[in-house]
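FYI, it's all coordinate maths here, none of it is from the lab. If you're wondering where the values come from, they're calculated on a predicted model, not measured in any experiment. Every residue, glycine among them, receives a Cβ derived from its backbone with ideal geometry; neighbour counts consider all protein chains shown.
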Amino acid sequence: MIYSRGSADDFDRYARATGDHGWSWDALQPYIKKHERVVLPADCYDIIGQIDISAHGTSGPLGVSLPGYPLGIDSLVMETTPQLPEEFPFNEDMNAGTPLVS
């Protein structure tokens, strides 16, 4: 299962379309964080530098994590990012508001 919040731009667009600031990214973050609890992946590997902990909750009922047991392609993606930073900028956490880097 994949957990994804969506983009800050989308939530802000909902707020503008409805005229209700309560739908904005910033307004919803406290509620999103309340239901999250960051947990280690199944294989317990170190997630430091791979997730923005400040963008997540730590005591909610929904455990969220990075995938356990990285795939072979993962290391290739991580190697490519610094080689072509303009084309493939590193995105530490797709749930911190920018799932796609522009």
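Here are the numbers for the structure shown:
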{"quantity": "Residues that are farther than 17 Å from Ala42 by Cβ and aliphatic (A, V, I, L, M), drawn from the range 66-80", "calculated": "Ile73, Leu76, Val77, Met78"}
{"quantity": "Number of the exception - Leu40 against (1) without any contact (Cβ under 8 Å) to a residue 24 or more places away in the chain; (2) surrounded by 11 or more Cβ atoms within 10 Å (Cβ to Cβ); (3) more than 20 Å from Ser7 (Cα to Cα)", "calculated": "(1)"}
{"quantity": "Positions within the range 52-67 being within 14 Å of Ala96 (Cα to Cα) and touching a residue at least 12 places away in the same chain (Cβ under 8 Å), in sequence order", "calculated": "Asp52, Ile53, Ala55, His56, Gly57, Val64, Ser65, Leu66"}
{"quantity": "Count - residues of the range 18-46 that are within 15 Å of Val64 (Cβ to Cβ) and not in a helix (DSSP H, G or I)", "calculated": "7"}
{"quantity": "Failed item, numbered, when Leu76 is tested on (1) loosely packed, with under 13 Cβ neighbours inside 10 Å; (2) out of contact with any Phe, Trp or Tyr (no Cβ under 6 Å at 6 or more places or on another chain); (3) not in a helix (DSSP H, G or I)", "calculated": "(3)"}
{"quantity": "Residue under evaluation Leu76, criteria (1) free of Cβ contacts under 8 Å to residues at least 12 places away in the same chain; (2) farther than 20 Å from Ile2 by Cβ; (3) under 16 Å from the mean Cα position of the chain (by Cα), criterion not met", "calculated": "(3)"}
{"quantity": "Any chance Tyr45 is in contact with a Leu (Cβ under 9 Å, 6 or more places away or on another chain) and without any contact (Cβ under 8 Å) to a residue 40 or more places away in the chain", "calculated": "yes"}
{"quantity": "Selection from the range 1-17 of residues that are surrounded by 11 or more Cβ atoms within 10 Å (Cβ to Cβ) and in a helix (DSSP H, G or I)", "calculated": "Ala8, Asp9, Asp10, Phe11, Asp12, Arg13, Tyr14, Ala15, Arg16"}
{"quantity": "Checking Ile51 against (1) surrounded by 14 or more Cβ atoms within 10 Å (Cβ to Cβ); (2) over 15 Å from Glu92 (Cα atoms); (3) of a type outside the set (Phe, Trp, Tyr), the condition it does not meet", "calculated": "(2)"}
